[in-house]
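The block underneath contains the structure these notes are about, expressed in C-alpha cells.
The values are calculated or read from the model by the stated rules, or taken from the named source; none is laboratory data. This structure is a prediction, so every number in the text was calculated from the model and none was measured. Cβ coordinates were reconstructed from backbone atoms using ideal geometry, including for glycine residues, and neighbour counts include every protein chain displayed.
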Amino acid sequence: MVLSDAEIRDYQEKYKMIEPFQDSQVREGVISYGVSSYGYDFRVADEFKIFTNVNMAVVDPKNFMKESFVDFKGEACVIPPNSFALARSLEYIRIPRDVLGICIGKSTYARCGIVLNITPLEPEWEGYVTLEISNTTPLPAKIYANEGICQLVFVKGSQVCQTSYADKKGKYQGQKTLTLPKI
C-alpha cells in the first residue's frame, strides 16, 4: 500500500521521517517540493560533486577514485554534457521499519534529459539521500539547489520486515554528507 498525503503526515508526526518537513507543496517560482498526493518531493542541497575525467580514471565501484570529482557549492550546478554529478538531499530522511521508500525523478527535469538514480530506501535506513544526477543530453544541464529534485514514494508493508537496514548495520546508515561508493 502506498501512503497517502494524510498518512505521510501521520507518519511524520510519529517518526519524524523528514527534516525539515514541508506540510504542503511549494510551487511558486520553484521546482516543487513538499507533501504531494502519494509522496514527498524532496530538495537537492547546494553541495555537488561533478564527475570529470581529467585523470583518465576508470569507474570502479570497488576502488572509486574521489579525484574523479570536482567539488562545487552554489545555488545552481551545471553538469557537463553526457556526464553526471552526485548531490545530497536537503532533507534528512528516517524510514520506519514497516515502510520502503522509492525515489522517482521529477518530470520537469526528466523532460530536459536529466535522469535521477537512487536506490530504494530500506526500512529503518536514515540519513541524507545521496543522489546521482545524469545529464543524458549533448548540452550542459543546470540543477537548482534548494528546489525539488525527486519524489519519494512510501510503500507500507503488509507486515514489519524481519531484518531492517539498521539491523544489517548497512554501510550507508546515518550518512551526514554526500557519500561516495563504499565496499
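Miscellaneous remarks
- Residue match in the stretch 152-167 (condition: of a type outside the set (Ser, Thr, Tyr), touching a Lys or Arg at 6+ places or on another chain (Cβ under 9 Å) and closer than 24 Å to PHE84 by Cβ): no
- Residue tally, condition closer than 23 Å to LEU3 by Cα and out of contact with any Asp or Glu (no Cβ under 9 Å at 6 or more places or on another chain), over the stretch 109-129: 7
- Counting the residues of the stretch 108-119 that are part of a strand (DSSP E or B), within 10 Å of the chain's Cα centre (by Cα) and hydrophobic (A, V, I, L, M, F, W, C) gives 1.
- Residues located in the stretch 56-107, provided they are of a type in the set (D, E, K, R), part of a loop (DSSP other than H, G, I, E, B), within 20 Å of the chain's Cα centre (by Cα) and closer than 20 Å to SER134 by Cβ: LYS106
- Of all the residues in the stretch 15-47, those that are assigned to a strand (DSSP E or B) and more than 14 Å from the chain's Cα centre (by Cα) number 3.
- Of residues in the stretch 125-150 being within 19 Å of TYR15 (Cβ to Cβ) and in contact with a Gly (Cβ under 7 Å, 6 or more places away or on another chain), the one surrounded by the fewest Cβ atoms within 10 Å (Cβ to Cβ): GLU126
- Scope the stretch 130-152; condition assigned to a loop (DSSP other than H, G, I, E, B) and touching an Asp or Glu at 6+ places or on another chain (Cβ under 9 Å); matching residues: ALA145, ASN146
- Residue match in the stretch 153-174 (condition: surrounded by fewer than 21 Cβ atoms within 10 Å (Cβ to Cβ), touching a residue at least 12 places away in the same chain (Cβ under 8 Å), in a strand (DSSP E or B) and touching a helix residue (DSSP H, G or I) at 6+ places or on another chain (Cβ under 9 Å)): yes
- Test: residue in the stretch 108-116 that is under 18 Å from PRO181 (Cα atoms) and surrounded by 17 or more Cβ atoms within 10 Å (Cβ to Cβ): yes
- Residue within the stretch 129-144 that is modelled with pLDDT of 95 or more, over 12 Å from the mean Cα position of the chain (by Cα), within 16 Å of TYR33 (Cβ to Cβ) and not acidic (Asp, Glu) present: yes
- Options ILE18, ILE31; residue that is of a type in the set (Val, Ile, Thr), more than 22 Å from THR179 (Cα to Cα) and in contact (Cβ under 8 Å) with a residue 60 or more places away in the chain: ILE31
- Residue in the stretch 66-77 that is at pLDDT below 95 and more than 21 Å from ILE143 (Cβ to Cβ) present: yes
- Checklist (1) touching a Phe, Trp or Tyr at 6+ places or on another chain (Cβ under 8 Å); (2) closer than 30 Å to ILE8 by Cβ; (3) among the polar types (S, T, N, Q) applied to SER107, failing item: (1)
- Residue ID - surrounded by the most Cβ atoms within 10 Å (Cβ to Cβ), chosen from residues in the stretch 1-44 that are aliphatic (A, V, I, L, M) and farther than 17 Å from ARG94 by Cα: ILE31
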